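One structure is given below, encoded as structure tokens.
The values are calculated or read from the model by the stated rules, or taken from the named source; none is laboratory data. This structure is a prediction, so every number in the text was calculated from the model and none was measured. With ideal geometry, Cβ positions are generated from the backbone for all residues, glycine too; neighbour counts draw on all protein chains shown.
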Ligand SMILES: Nc1nc2c(ncn2[C@@H]2O[C@H](COP(=O)(O)OP(=O)(O)O[C@H]3O[C@H](CO)[C@@H](O)[C@H](O)[C@@H]3O)[C@@H](O)[C@H]2O)c(=O)[nH]1
């Protein structure tokens, strides 16, 4: 009996505690959440309307545009009344300037009168066909703050989710509110997180058809950092497979990748092989010599390169973990020693230029500095550079041999740089221990493969030594034959056909892409 008042008192204070929790905390949270959800729904991006006016007309072109062959005016002047409902949002969650394949898609769509909203980071120069084209609107994404760009493995679990949140916000805003709804969205994969999920949600809201352009798999790239068995890698694979199934159509960079997509993800992709774009062309001897004397990275050695006492080796990269430049450095150290010791044969010295931007550049620069200091590279000069689009193409065209260190995290993607090299008639040696390599390089015809630093050094000796001139000339001939088939020839029958574009000239047979 004594305890009753105490219990009653406790019940009363318990109820009032609950009720004050409800009125002061839970109710305001519930009201705020429902207001936010209502506001989100009411302000969802507008859907695609086939009647909407996205036309490009005479007023879209300034006098300057009319003189610029890349503004799209030439197409407009030839097809003034042409209507065309091919409007495409192209989404690249990366530096657009370093995503040549996506730029080629954009340039090709615009060249056939399609309208493009191009979304991505604007860090490097864009192709001239895109920069001033009135059929293309570039929507730059705000890059994540410096603190979220830390590549440290220890901090990865904290930084990665924050970076993804930042990307979700900026990409959603750019796709939904900074551009009109388009009939199609073409998205580059990888990165898959969060790109594919946002693209899928946005396409659902805007009634847009989603095409995924498979350059590689996001989870195989993550596995390079975390290891194959890491739970995040498995989750990332499941996510990629699940989101892939929601897309309406798929392109893949190789036949092997289309096969893997079918077997593992259950989706039908149409292979759309990389081919060189128009800016990659062979140079004449005099154009080569003029470039070598003009380019700051080669000018000092131009005379030697003209005479052949130096050979020009070129590699290009994004300085990422899937390209092990130690292999090239080890091979060059061994080659330098061979040149010093050679008594019966004479070997030229090498000028090796590695072009590109990316996270591991500083690491390799310090390795090169150490090797130079240790006098292990006396017969080899190594330079790194980032060149304008035009000079990059001229450098490839001026080189004696191209090197690819692309290892392919999935085994079924291919290095675009090799395609660029072939466009200029440059033969290639490359890391070849992955399935798709043979879709691009034919042993002894347009290049050679290697699978170790020793293998690469042997190739350098064989091709640059006095007995190698004929083999080098033979693979150069093979590379020249690759020049013939260009991006447009590959692109139009697959992508142009899917998007419903019309080709001016006699077209090739269209390739059917399965559309869901
Ligand atoms: N302008 C310019 N571009 C350069 C330079 N150096 C390199 N690049 C660009 O950077 C590319 C090299 O980038 P990587 O990331 O090494 O790869 P990739 O060979 O382009 O292959 C990528 O794209 C394929 C699809 O096209 C993918 O399948 C593959 O996985 C990879 O992502 C070159 O092809 C070239 O476009 C330079 O000095 N100047």
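The requirement of being part of a strand (DSSP E or B) and farther than 21 Å from residue 248 by Cβ is not satisfied by residue 113. Kindly evaluate residue 432 against the criterion of being touching a strand residue (DSSP E or B) at 6+ places or on another chain (Cβ under 8 Å) and away from the ligand (no atom under 16 Å from the Cβ). The answer is no for residue 432.
Taken over the stretch 196-228, the criterion of being in a helix (DSSP H, G or I), out of contact with any helix residue (DSSP H, G or I) (no Cβ under 6 Å at 6 or more places or on another chain) and within 14 Å of the ligand (Cβ to nearest atom) is satisfied by 220, 221, 224. Considered as a group, the residues in the stretch 397-422 that are assigned to a loop (DSSP other than H, G, I, E, B) and more than 19 Å from the chain's Cα centre (by Cα) include one that is nearest to residue 316 (Cα to Cα), and that residue is 399.
Taking the criterion of being touching a residue at least 40 places away in the same chain (Cβ under 8 Å) and surrounded by 13 or more Cβ atoms within 10 Å (Cβ to Cβ), the residues of the stretch 56-81 that qualify are 56, 60, 61, 65, 68, 70, 71, 72, 73, 75, 76.
Listed here are the helices (runs of 4 or more DSSP H) enclosed by the stretch 278-381 that have at least 3 residues being farther than 30 Å from residue 70 by Cβ and within 16 Å of the ligand (Cβ to nearest atom): 325-341, 361-373. Residues that are at pLDDT below 95 and in contact with a strand residue (DSSP E or B) (Cβ under 9 Å, 6 or more places away or on another chain) were ranked within the stretch 401-412; the one that is nearest to the ligand (Cβ to nearest atom) is 408. Taking the stretch 385-400 as the range and being touching a strand residue (DSSP E or B) at 6+ places or on another chain (Cβ under 8 Å), closer than 17 Å to residue 293 by Cα and surrounded by fewer than 20 Cβ atoms within 10 Å (Cβ to Cβ) as the test, the residues that pass are 385, 387. Which one is nearest to residue 64 (Cα to Cα) among residues in the stretch 148-163 that are surrounded by fewer than 15 Cβ atoms within 10 Å (Cβ to Cβ) and either under 19 Å from the mean Cα position of the chain (by Cα) or in contact (Cβ under 8 Å) with a residue 12 or more places away in the chain (or both)? Here the residue is 149. Criterion applied to 430, 496, 425, 455 was being within 29 Å of residue 379 (Cα to Cα) and either assigned to a helix (DSSP H, G or I) or at pLDDT below 95 (or both), and the one residue passing it is 455.
Looking across 438, 417, one residue alone is crowded, with 24+ Cβ neighbours inside 10 Å and in contact with a strand residue (DSSP E or B) (Cβ under 9 Å, 6 or more places away or on another chain). It is 417.
Remark: pairs (first residue in the stretch 385-408, without any contact (Cβ under 8 Å) to a residue 12 or more places away in the chain and over 24 Å from residue 126 (Cα atoms); second residue more than 8 Å from the ligand (Cβ to nearest atom) and in a helix (DSSP H, G or I); Cβ separation under 6 Å; 6+ apart in sequence or on different chains) are absent.
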